[in-house]
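Here is the structure we will look at.
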Amino acid sequence: MLDSIVAISTPPGRGGLGIVRLSGPEARAIAERILRFPADAAWRPWSARLGELPDRAGHPIDQVVVTFFESPRSYTGEDVVEISCHGSPVVLRHAVERAVEAGARLAEPGEFTLRAFLSGRLDLPRAEAVRDLIEATTLYQARVAAQQAGGSVSRRIAPLKEQLLELIALLEAGIDFAEDDVSVADAAEILRRLDPVLDAARALAASYQYGALVHSGLTLAIVGRPNVGKSSLFNALLEQDRAIVTDIPGATRDLVSETVSIGGIPVKLCDTAGIRETAELVESLGVERSFQAMADADLTLVVIDLSEVPGDQDHALIARAQAQGRWLLVGNKSDLGNAGLEACPSAIPVSALTRDGIPRLREAIPEAVAPRGAFERETGFITSLRHERLLRESAACLEKARGAVEAGIPHEMLLLDLYSALEAIGAITGATTADDILNRIFSTFCIGK
């Protein structure tokens, strides 16, 4: 029998309310030992009742609301009691201490969700999505995590597992009837069943390119010559005046960074020093940091002054950005003219002053890193690196199996690759996941969840 556990489930600090959560076979009994209830009060599942939290001498400390969720229709699948107190850290800590004295154990990080997984209330992708929902910093991240907590990833994986099981069963039957010279499936039939599974595994693994962007966001460096309007563009994307804007070249000497939601994705904007040759020590250090920001960023915005023809420094900076990876060319000051468009037709014209073109630029930023394409429409893209690696492992096993079919290798050997592919898929949902992997996953949760 599992221990009964207790933890504070609301964030640290003071607030109007705070919740202490109990889960386990003794949850209700422990609550009765540490709280006082009216004589006629009765425990009713999925209902709240008024109680009183006393100190060890019996003096009242707080009036509380107690909600009871009876097994198995609770979050953890066990009896769960939630004690809603006023949000004083002293009161919440006292309630936890009393619960421990009454027989509960302090919960480990993620232990409530781990028990939900072990009881079959959640599969592993849904459990991991609970963590992502808690950690979401944009509404879009929260929406994606909520879809995954509702089973969007699990529903994408289930058909792969089912089709693979059917193919394995077919081949196993063929081996059983081999002595009777009964051919259950020829190579063409095996490939007909195998190829859709392989294609689906590859596609879902590829969706991580966009899913990683949704989950972790990106870092964007804004670079360019002095006075092309980098700081003005930074403020326009941020929609507030954060960076100092002047007509003096080289006003920005150090990195200025802020995080903003662009298309629902958290983007860390880095405004950098204007890049030019200079003998001034502080400014030259700022230029070095600009180059470092380019190297570290997921995406670089190279800003040019669209009202004039780009110079050698502009072209050198464009070449550097091209060599380093993902980048976008932005032509600022479009309100003053478009002389630079002929030399740089790929530039996105914007005006940081009038905000013209800023919506188009905001759309282009996430697309430059990971086009959302069909993945967003399907709402079944993956956001976990663990899932991506397991899907690629499964796809690699399926590719080996496909090669074995084409080479005419006996079905007994082919099945080894198919079982390996199935094991990798099972590890995504938790069907074949080792205890140490589970511990690693749930240790990243906050305590109380």
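Quick grid of which residues meet (1) in contact with a helix residue (DSSP H, G or I) (Cβ under 7 Å, 6 or more places away or on another chain); (2) without any contact (Cβ under 8 Å) to a residue 24 or more places away in the chain; (3) on the phi > 0 side of the Ramachandran plot:
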site	(1), (2), (3)
V20	yes, no, no
G24	no, no, yes
A39	no, yes, no
S47	no, yes, no
E52	no, yes, no
R56	no, no, no
P89	no, no, no
V100	no, no, no
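Might you check whether a residue that is assigned to a strand (DSSP E or B) and either of a type in the set (S, T, Y) or surrounded by fewer than 16 Cβ atoms within 10 Å (Cβ to Cβ) (or both) occurs anywhere in segment 86-103? The answer is no, given that none of the residues of segment 86-103 is assigned to a strand (DSSP E or B) and either of a type in the set (S, T, Y) or surrounded by fewer than 16 Cβ atoms within 10 Å (Cβ to Cβ) (or both).
Residues in segment 425-449 that are of a type outside the set (F, W, Y), on the phi < 0 side of the Ramachandran plot and assigned to a loop (DSSP other than H, G, I, E, B): A431, T432, T433, A434, S443, T444, C446, I447, K449.
Hey, does segment 389-397 have a residue that's of a type outside the set (G, A, S), touching a residue at least 40 places away in the same chain (Cβ under 8 Å) and under 24 Å from P196 (Cβ atoms)? Talk me through it step by step, then tell me what you get.
Let us first name the residues in segment 389-397 that are of a type outside the set (G, A, S), namely 389-393, 397.
Still in the list and also touching a residue at least 40 places away in the same chain (Cβ under 8 Å): 391-392.
Still in the running and under 24 Å from P196 (Cβ atoms): 391-392.
Taking every residue of segment 389-397 in turn, at least one turns out to be of a type outside the set (G, A, S), touching a residue at least 40 places away in the same chain (Cβ under 8 Å) and under 24 Å from P196 (Cβ atoms).
Scanning segment 4-57 for residues that are part of a loop (DSSP other than H, G, I, E, B) and surrounded by 15 or more Cβ atoms within 10 Å (Cβ to Cβ) yields a total of 8.
Take L171 and decide whether it is of a type outside the set (D, E, K, R), more than 30 Å from P366 (Cβ to Cβ), in contact with a His (Cβ under 7 Å, 6 or more places away or on another chain) and surrounded by fewer than 22 Cβ atoms within 10 Å (Cβ to Cβ).
On the way: of a type outside the set (D, E, K, R): yes; more than 30 Å from P366 (Cβ to Cβ): yes; in contact with a His (Cβ under 7 Å, 6 or more places away or on another chain): yes; surrounded by fewer than 22 Cβ atoms within 10 Å (Cβ to Cβ): yes.
It is true that L171 is of a type outside the set (D, E, K, R), more than 30 Å from P366 (Cβ to Cβ), in contact with a His (Cβ under 7 Å, 6 or more places away or on another chain) and surrounded by fewer than 22 Cβ atoms within 10 Å (Cβ to Cβ).
Restricting segment 116-139 to residues that are over 11 Å from the mean Cα position of the chain (by Cα) and not in a loop (DSSP other than H, G, I, E, B) leaves a set whose member that is surrounded by the fewest Cβ atoms within 10 Å (Cβ to Cβ) is L139.
Can you say whether P345 is outside any helix (DSSP H, G or I), free of Cβ contacts under 8 Å to residues at least 40 places away in the same chain and out of contact with any Ser or Thr (no Cβ under 9 Å at 6 or more places or on another chain), as far as the supplied structure shows? Before you say what the answer is, go through the steps one by one.
Numbers: outside any helix (DSSP H, G or I): yes; free of Cβ contacts under 8 Å to residues at least 40 places away in the same chain: yes; out of contact with any Ser or Thr (no Cβ under 9 Å at 6 or more places or on another chain): yes.
Judged against the criteria, P345 is a match.
Only one entry in L418, L414, L422, L391 is assigned to a helix (DSSP H, G or I), touching a Leu at 6+ places or on another chain (Cβ under 9 Å) and over 17 Å from A201 (Cα atoms), namely L414. Of the residues A185, A173, the single one that is under 26 Å from A421 (Cβ atoms), among the small types (G, A, S), modelled with pLDDT under 90 and in a helix (DSSP H, G or I) is A173. Against the criterion of being touching a residue at least 24 places away in the same chain (Cβ under 8 Å), within 22 Å of P109 (Cα to Cα) and out of contact with any Gly (no Cβ under 6 Å at 6 or more places or on another chain), D79 qualifies.
Does S394 qualify as being of a type in the set (S, T, Y) and not assigned by TED's automatic domain parsing to the domain that holds E189?
no
The values are calculated or read from the model by the stated rules, or taken from the named source; none is laboratory data. Bear in mind that the values here come from a model prediction, so they are computed numbers and not experimental data. Every residue, glycine among them, receives a Cβ derived from its backbone with ideal geometry; neighbour counts consider all protein chains shown.
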